[in-house]
Amino acid sequence: MQIPDVSSTWENEINSVTIGATEEEGGTRSRTVTIGGETTMPYLHFEGTMPNHPVLAFEIWDVLPEDWPQITKEPFGDVMGNPVEWAQKCEEDFEPDLLSLRLMGCDPYGEDRSPEEAAKTVERVLEATTLPLIIWGSGDDEKDNEVFTLVSPAAEGENCLLGTITEDNYRTLAALGKADDHKVIAESPVDINIAKQVNTLALDVGYDLENIVIFPDSPALGYGIEYVYSIMERTRLAGLKGDRLMAQPMLANIGGEVWKTKEAKINAEERPNWGDNRKRGPLWEATTAFTYLQAGADLVIMRHPKALNEVGRKIERLMDSGGK
Amino acid sequence: MILIGERINAGFSDVKQALQEKDREEIENLAERQADSGADYLDINMGAVSKDPDDMIWLIEIVQDTVDTPISIDSQNPDIVEPALEACNGDPLINSTTAQDEKLEKLIPLAVDHDASIIGITSGEEGAPQDVNGRLEYAAKIFTSANEYGLEVDNLFIDPVAMPLKFMQEQASNLLEAINQLSNISDPPPHISLGISNMSSDASEKSLINRTFLVMAMAVGLDAAICNVFDEKLINSVATAEMILNEEIYNDSFIETYRMG
């Protein structure tokens with residue numbers, strides 16, 4: 001019996017977004033990273049093309065992350081708490097595609113660092129490293145707007161990816177991103193309708209859809225990942241079918257979600273039958289990342305070097321498979 | 001939904017006057033406003049004012065100098081359609097052929113040769129049938145002819161003919177049934193198009209009739225319409241219907257999103 005050919009072709013492609021700028025482009029990065037550009041659902045190379053490899057970023061903070069589990073701290077030794085050295089170590093020892101700096105120190109309920117301090121931190125990290133940079137605020141809308149007002153111009157020319165704009169807070173960061181030529185992350189809480197709405201709002205204030213990366217939140221494996229999987233799948237299908245508000249590359253930021261699950265962090269003494277958490281934890285992070293890659297993630301932000309290494313090898317296999 | 005802006009038609013007095021007096025500005029204005037209102041094609045119809053291909057080309061060139069929206073050449077006369085096709089940038093639409101052999105034989109090859117799309121009206125030697133089967137028979141004839149000449153199915157629009165509700169009330173339900181059946185004529189089906197404004201001809205509440213019928217027709221497979229794109233309520237209804245049919249993903253600003261294209 002002849003097996004019917006059920007392959008699909010799509011008329012539209014996902015936007016390509018480049019992060020980082022080399023010296024010739026007005027920045028100081030050693031290279032740039034381009035994501036997106038797909039004309040197919042993920043890894044179906046027989047239906048279309050994925051011109052850019054999905055990429056991996058390491059998460060670093062501007063302050064010591066007290067609540068990270070011990071096994072996520074061990075690979076970095078004593079450089080945590082010093083964002084410059086931490087970033088350098090990530091870049092030199094573990095070779096991610098990008099660095100992702102979260103300015104958690106600016107949290108008004110934490111250290112409440114000033115926008116001036118944050119801008120200085122960003123400048124120092126940029127001076128000490130060569131990879132393209134993603135910069136996140138602390139998550140407090142009001143403070144993040146103040147922080148990015150200084151951080152964005154401090155990184156002018158570097159073509160960073162700044163996050164995040166949301167349905168309730170988009171004007172300031174969209175304006176800064178436009179003024180200083182940065183890309184922005186459009187965040188929506190596990191809700192495709194809001195994902196589309198945030199992009200509409202950004203477009204409405206004059207921010208270019210070609211410069212947006214969609215972030216639909218990234219619950220860990222076992223904690224609602226299937227909801228986001230289907231949202232990412234629908235988003236990508238809509239983009240390929242020609243909905244230009246859904247044709248953006250997508251990002252998964254998984255470290256914070258994975259490493260608060262008991263499956264990733266409980267040690268072997270507490271749960272002997274769960275096995276060694278030094279293997280189990282990174283495996284949980286890697287499996288979460290694999291799932292998002294299959295859902296269409298173009299950029300995954302991770303914490304553990306072992307997990308990052310494993311996922312990097314997986315991406316190579318998926319990209320080289322020719323769809324088989 | 002593919003919207004074909006109907007307004008550059010010399011049946012309207014302003015266009016008639018502009019064509020007679022060669023007033024570019026009036027045409028530019030209509031082209032720009034229709035493009036801004038979301039038209040996917042701009043229909044150009046010289047009505048009874050002119051049969052001169054040069055006048056058609058004059059109109060086409062003004063529209064193309066003003067906007068990028070593709071042209072819909074509203075004529076069944078090959079002597080006008082062919083030079084008009086030559087004058088068009090991009091991929092135009094021929095509006096239209098009937099199911100009569102002498103028209104199919106000339107107009108469909110013209111469409112194929114110029115990478116154009118074409119609307120086939122379910123009307124033949126004996127006029128436009130009012131029942132469902134008569135419409136389907138002519139549609140099948142047009143479809144077969146298009147297939148024989150090698151026209152891509154995506155370049156074929158079938159128009160099962162809207163008739164005035166006020167005078168032929170029973171036609172509206174026949175038309176809906178014909179659209180429903182046409183949407184199964186092939187997989188994928190050709191586009192199905194209508195001149196929506198015919199539905200409300202000489203009636204009161206024209207806009208309400210047009211948008212109500214358009215939404216009902218979309219639900220059974222209509223995916224193109226020659227219509228008044230300046231009718232804001234009509235366009236808002238299209239945006240809403242596309243979401244209800246799950247062709248677009250909902251967001252709170254969906255009207256604005258639709259207009260952003």
Inset, instruction - Provide a single number: the residues in region B:252-261 that are without any contact (Cβ under 8 Å) to a residue 24 or more places away in the chain and more than 7 Å from chain A (Cβ to nearest Cβ). - result: 2
Legend entry - Boolean, residue A:315 is farther than 19 Å from residue A:257 by Cα and among the β-branched types (Val, Ile, Thr): yes
Inset, instruction - Kindly indicate whether any position in region B:40-48 is among the small types (Gly, Ala, Ser) and part of a helix (DSSP H, G or I). - result: no
Inset, instruction - Go through the residues of region A:185-205 one by one and say whether even a single one is assigned to a loop (DSSP other than H, G, I, E, B), of a type in the set (Gly, Ala, Ser), farther than 24 Å from residue A:43 by Cβ and at pLDDT 95 or above. - result: yes
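From the set of residues in region B:20-44 that are over 21 Å from the mean Cα position of the chain (by Cα) and of a type outside the set (Asp, Glu), which is surrounded by the most Cβ atoms within 10 Å (Cβ to Cβ)? Outline the logic, then answer.
Keep residues of region B:20-44 that are over 21 Å from the mean Cα position of the chain (by Cα), which gives B:20-26.
If we keep only those that are of a type outside the set (Asp, Glu) as well, we get B:20, B:22, B:24.
Details: B:20: 12, B:22: 10, B:24: 15.
Here the residue is B:24.
In the list B:187, B:231, B:202, which residue meets the criterion of being of a type in the set (Asp, Glu) and within 14 Å of chain A (Cβ to nearest Cβ)? Walk me through how you get there before you give the answer.
Numbers: B:231 fails: within 14 Å of chain A (Cβ to nearest Cβ); B:202 fails: within 14 Å of chain A (Cβ to nearest Cβ).
Unique residue meeting the criteria: B:187.
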Inset, instruction - Working only within region B:198-214, note down all residues that are surrounded by fewer than 20 Cβ atoms within 10 Å (Cβ to Cβ) and either in contact (Cβ under 8 Å) with a residue 60 or more places away in the chain or more than 19 Å from residue B:122 (Cβ to Cβ) (or both). - result: B:202, B:203, B:204, B:205, B:206, B:207, B:208, B:212
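Condition first: assigned to a helix (DSSP H, G or I) and charged (D, E, K, R). Can you find one or more residues in region B:180-191 that meet it?
Filtering region B:180-191 for residues assigned to a helix (DSSP H, G or I) gives B:180-182.
If we keep only those that are charged (D, E, K, R) too, we end up with none.
No, because not a single residue in region B:180-191 is assigned to a helix (DSSP H, G or I) and charged (D, E, K, R).
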Inset, instruction - Kindly list, by first and then second residue, each pair from a residue in region A:187-202 that is within 8 Å of chain B (Cβ to nearest Cβ) and buried (at least 24 other Cβ atoms within 10 Å of the Cβ) to a residue that is assigned to a helix (DSSP H, G or I) and at pLDDT 95 or above, limited to pairs with Cβ atoms under 6 Å and residues at least 6 apart or on different chains. - result: A:196/A:245
Inset, instruction - Select, from A:223, A:227, the only residue that is surrounded by fewer than 19 Cβ atoms within 10 Å (Cβ to Cβ) and assigned to a loop (DSSP other than H, G, I, E, B). - result: A:223
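Select, from A:83, A:96, A:54, A:65, the only residue that is buried (at least 19 other Cβ atoms within 10 Å of the Cβ), over 20 Å from residue A:254 (Cβ atoms) and not assigned by TED's automatic domain parsing to the domain that holds residue A:304.
The match here is A:83.
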Inset, instruction - Give the residues of region A:294-317 that are under 13 Å from the mean Cα position of the chain (by Cα) and either surrounded by fewer than 20 Cβ atoms within 10 Å (Cβ to Cβ) or basic (Lys, Arg) (or both), sorted by residue number. - result: A:303
Inset, instruction - Please find, within region A:208-220, the residue that is farthest from the other protein chains (Cβ to nearest Cβ) out of those that are surrounded by fewer than 24 Cβ atoms within 10 Å (Cβ to Cβ) and assigned to a loop (DSSP other than H, G, I, E, B). - result: A:220
Inset, instruction - Hey, could you check region A:166-186 for residues that are touching a residue at least 40 places away in the same chain (Cβ under 8 Å) and touching a helix residue (DSSP H, G or I) at 6+ places or on another chain (Cβ under 7 Å) and say which is nearest to residue A:119 (Cα to Cα)? - result: A:183
Inset, instruction - Could you identify the single residue in B:249, B:209, B:192, B:196 that is within 14 Å of chain A (Cβ to nearest Cβ) and in contact with a helix residue (DSSP H, G or I) (Cβ under 6 Å, 6 or more places away or on another chain)? - result: B:249
Inset, instruction - Identify, from the list B:239, B:225, B:217, the residue that is buried (at least 20 other Cβ atoms within 10 Å of the Cβ), of a type in the set (A, V, I, L, M, F, W, C) and in a helix (DSSP H, G or I). - result: B:217
Inset, instruction - For region A:260-283, enumerate the residues that are out of contact with any Gly (no Cβ under 8 Å at 6 or more places or on another chain) and part of a helix (DSSP H, G or I). - result: A:262, A:272, A:273, A:274, A:277, A:278, A:279, A:280, A:281, A:282, A:283
Inset, instruction - Output yes when any residue across region A:94-109 is of a type in the set (Gly, Ala, Ser) and either modelled with pLDDT under 95 or under 24 Å from residue A:143 (Cα atoms) (or both), and no when none is. - result: yes
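The values are calculated or read from the model by the stated rules, or taken from the named source; none is laboratory data. These numbers come from a predicted model, not from an experiment. Because the Cβ atoms are built from the backbone with ideal geometry, glycine has one as well, and the counts that use them run over all protein chains shown.
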